[in-house]
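J.: I'd like to ask you about the structure that follows.
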Amino acid sequence: MATPEFDEATRTAMEAAAFRRLVQHFRERSDVQNIDLMNLAGFCRNCLSKWYRAAAEEKGLALTYDEAREIIYGMPYKEWQAQHQKEASQEKLATFAAAAPKDH
């Protein structure tokens, strides 16, 4: 089956809609910890925040990492941590340390 061809505006709109849905899903699934995401998928909410900030920077827009995190988390990061972050087990930390990219 061939991949459908879309004009640039349509493709961008669909990618933006998919991204917004991903962010909404992460907000709804606050029970899923970032370390679990990193260990299973190799990226987490913080990665999305960094990518979002980088995209803004490419467009010449000023956006801090904390501002990008607030966009992704839907609240200040410290607030999200206090409400949802749990202490990671030694096993999860070891898995992360063995596989984590050096820039995370």
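J.: Between Ala2 and Trp51, what is 0.36 nm times their sequence separation minus the Cα-Cα distance? Round to one decimal in nm. Walk me through the intermediate numbers first.
T.: Values: separation 49, 0.36 × 49 = 17.64 nm, distance 2.93 nm.
Going from the current span to full extension adds 14.7 nm.
J.: Can I ask one more? State to the nearest 20 debye the size of the charge dipole of the chain about its Cα centre, where the only charges are +1 on K and R beta carbons and -1 on D and E beta carbons. Show your work: numbers first, answer last.
T.: Numbers: 14 positive and 16 negative charges, 43 e Å.
Magnitude of the dipole: close to 200 debye.
J.: Ranking Trp80, Trp51 by Cβ neighbours within 10 Å, fewest first, what do you get?
T.: On the way: Trp80 19, Trp51 14.
Taking fewest neighbouring Cβ atoms as first place, the list is Trp51, Trp80.
J.: For Cα pairs less than 8 Å apart in space and 6+ apart in sequence, what is the mean separation divided by the residue count of the chain, i.e. the relative contact order in percent? List each step's numbers first, then the result.
T.: Working: 61 pairs, mean separation 29.6, N = 104.
Rounded, it is 28 percent for the chain.
J.: Quick one: among Gly74, Gly60, Gly42, which has the greatest mean-square fluctuation in a GNM of the chain with alpha-carbon springs under 10 angstrom?
T.: Of Gly74, Gly60, Gly42, the most mobile in the Gaussian network model is Gly60.
J.: Can you tally the lysine pairs in the chain where the Cα-Cα distance is under 20 Å and the two residues are eight or more apart, or on different chains?
T.: So the count works out to 5.
J.: Take the eigenvalues of the Cα gyration tensor for the chain, scale each by 5, and report the square roots as semi-axes in whole Å, largest first.
T.: Numbers: eigenvalues 146, 65, 41 Å².
Over the Cα atoms of the chain, the semi-axes work out to 27, 18, 14 Å.
J.: Among His84, Pro4, Ala17, whose Cα sits farthest toward the positive end of the charge dipole of the chain (+1 at Cβ of Lys/Arg, -1 at Cβ of Asp/Glu, about the Cα centre)?
T.: His84
J.: Once both labels are modelled 7 Å past Cα along the beta-carbon direction, what's the Leu93-Phe19 spacing in nm?
T.: 3.4 nm
J.: With a point put 7 Å past each Cα toward its Cβ, work out how far Glu70 is from Ala41 in nm, to one decimal.
T.: Between Glu70 and Ala41, the simple spin-label model gives 2.4 nm.
Here, each number is a calculation from the coordinates, and none is a lab measurement. Note that this is a predicted model, so its numbers are computed, not measured. Note that we place each Cβ from the backbone using ideal geometry, even for glycine, and neighbour counts take in every protein chain shown.
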